[in-house]
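The structure appears below as structure tokens.
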Amino acid sequence: MTNARKSFKSGFAGIFGKPNVGKSTLLNRLIAEKVAAISNRPQTTRNKIRGVCHLPGGQIVLVDTPGIHQAATKYNQYMIRTSVSAVGDVDLTLFMIDAKTGFGPDDQYALDLMKSSRAPKVLIINKIDLISKPEILTLIGGMAAKGDFAEIVPVSAELGDGLDRLKEVIVKYLPEGPEYFPKGTATDCPEKFILAEMIREKIMRLTHMELPHATAVAVDSVREGAGGVTVVEATIYAEKDSQKKILIGEKGSRLKAIGTAARKEIENRLGGKAYLNLFVKVRRNWRSDERAFKEFGYFDDSY
Ligand SMILES: Nc1nc2c(ncn2[C@@H]2O[C@H](COP(=O)(O)OP(=O)(O)OP(=O)(O)O)[C@@H](O)[C@H]2O)c(=O)[nH]1
Ligand SMILES: [Mg+2]
């Protein structure tokens, strides 16, 4: 009998793919905490967001990334650079497609940008709740030829289907390694960043057209108020006066809806009462201003 210790597997697994396939939904699910904003609009995520999945024999550090797309503006090019810069840093590449839309030119474009990676690639087919079992099998069959995937794992990130197998597959391809994060740590994102993303998510969901993309959110302060209530002050930045007006809405109605939805989620996270004070300001054309979007902490690791 040997007394060999069972090895501990750990490492970084990057989640890549075109916008809106469900990368952030998967991150939140696997770490069982809401860290990344989710919306049905493409280009929701603007940062690399790390989350930690603790398992008995291992630790998966997941890295959520902005959706890869063909970018015309400097702002969008930064977004893509953020994703591509993560490609070389991970031990495992999780490439995600949407089962409903299947594999198209946009996925091929994203997959081509992964070519520089020498890490093993696992294909995740997400949103299998939207198609039938035979359709899933056909899609899996067709995908094997599209890339050098070590495994293909169908899941529903939203419903949690297939995630136990996915965790097993990820751990299988991770090297032996240390515990990068102490037990109980779900993310290394600063609290202010997470709260700002919660507010931004509500804006993404409650506004339309260009506005969700033209909005930035910065949490200015978080402090303990009277009666143990947490007071959060945040500024929402729009690019134009007309957008500011829409954000505020008639008699402040839209801002109120955004604030109420965000406050509820913030209270859930903090496990207590919160007061959310939102300001709206115009930062003219901030997306064309590299200094401005860096100041907001987008496309960056330092938040
Ligand atoms: N039906 C279904 N919808 C899903 C599933 N996973 C994610 N979604 C939805 O897909 C949309 C996009 O999800 P996100 O997690 O924001 O997608 P993303 O890939 O992070 O998008 P970007 O950050 O823009 O690149 C949201 O409306 C999610 O609720 C799933 O398994 N099934
Ligand atoms: Mg996302």
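Things to note:
- Relative contact order of segment 1-90, pairs being alpha-carbon contacts under 8 Å that are 6 or more residues apart, as %: 33 percent
- Reducing segment 184-200 and segment 2-71 to their Cα centroids gives an inter-centroid distance of 14 Å.
- Top positive-direction residue, dipole computed over the chain with Cβ charges, set 44, 216, 103: 216
- In this simple spin-label approximation, residue 185 and residue 130 carry label points 7 Å from Cα along the Cα→Cβ vector, and these lie 3.5 nm apart.
- Given R0 = 25 Å, the distance between the Cβ atoms of residue 294 and residue 72 translates into a calculated FRET efficiency of 0.80.
- At 0.890 mPa s and 25 °C, Stokes diffusion of the chain via Kirkwood alpha-carbon radius, µm² per second: 121 µm²/s
- One chain, two ends: residue 220 and residue 33. Fully extended at 0.36 nm per residue, the span grows by 65.0 nm beyond their Cα-Cα distance.
- Computed over segment 1-86, the ratio Rg/Rh where both radii use C-alpha atoms and Rh is Kirkwood: 1.13
- Spin-label proximity, residue 264 to segment 193-207 - amide N less than 19 Å from point 7 Å beyond Cα toward beta carbon: 195-207
- Around residue 221: net Lys/Arg minus Asp/Glu count, Cβ-Cβ under 13 Å: -2
- Our helix-only sum for the chain, with -39,500 (n - 2.57) per DSSP H run of n ≥ 4 divided by its residues, gives a mean residue ellipticity at 222 nm of -10000 deg cm²/dmol.
- Gain on full stretching of the segment that runs from residue 144 to residue 244 - 0.36 nm per residue minus C-alpha separation: 31.2 nm
- Taking one quarter of the surface of the convex hull spanned by the alpha-carbon atoms of segment 109-178 gives a direction-averaged projected area of 5.8 nm².
- Each Lys and Arg adds +1 at its Cβ and each Asp and Glu adds -1 at its Cβ; summed about the Cα centre, the chain shows a dipole of about 580 debye.
- Choice from 248, 152, 38 showing the highest fluctuation, given a GNM over the chain with Cα pairs closer than 10 Å: 248
- Nearest-ten-degree value, helix 133-143 long axis tilted from longest Cα axis of the chain: 80 degrees
- Cα shape, segment 9-173, gyration tensor, a/c 1.5 rule: rounded
- Each Lys or Arg adds one and each Asp or Glu subtracts one; over the other residues with Cβ under 14 Å from the Cβ of residue 257, this totals +4.
- Computed over the alpha-carbon pairs of segment 191-295, the distance histogram in 10 Å steps reads 15, 49, 28, 7, 0 percent, short to long.
- Length-normalised contact order of the chain in % [C-alpha pairs under 8 Å, at least 6 apart]: 19 percent
- Charging the Cβ of each Asp and Glu at -1 and of each Lys and Arg at +1, and nothing else, the dipole of segment 9-173 about its Cα centre rounds to 400 debye.
- P(r), alpha carbons of segment 68-133 - 10 Å bins starting at zero, rounded %: 19, 45, 30, 5, 0
- Potential lengthening between residue 281 and residue 81 on full extension [0.36 nm per residue; Cα-Cα distance subtracted]: 69.2 nm
- Between 0 and 90 degrees, the angle of helix 163-173 with respect to the longest Cα principal axis of the chain falls at about 60 degrees.
Each reported figure results from applying straightforward, stated rules to the coordinates on display, with no laboratory input. If you're wondering where the values come from, they're calculated on a predicted model, not measured in any experiment. Cβ sites come from the backbone with ideal geometry, for glycine too, and all protein chains shown count toward neighbours.
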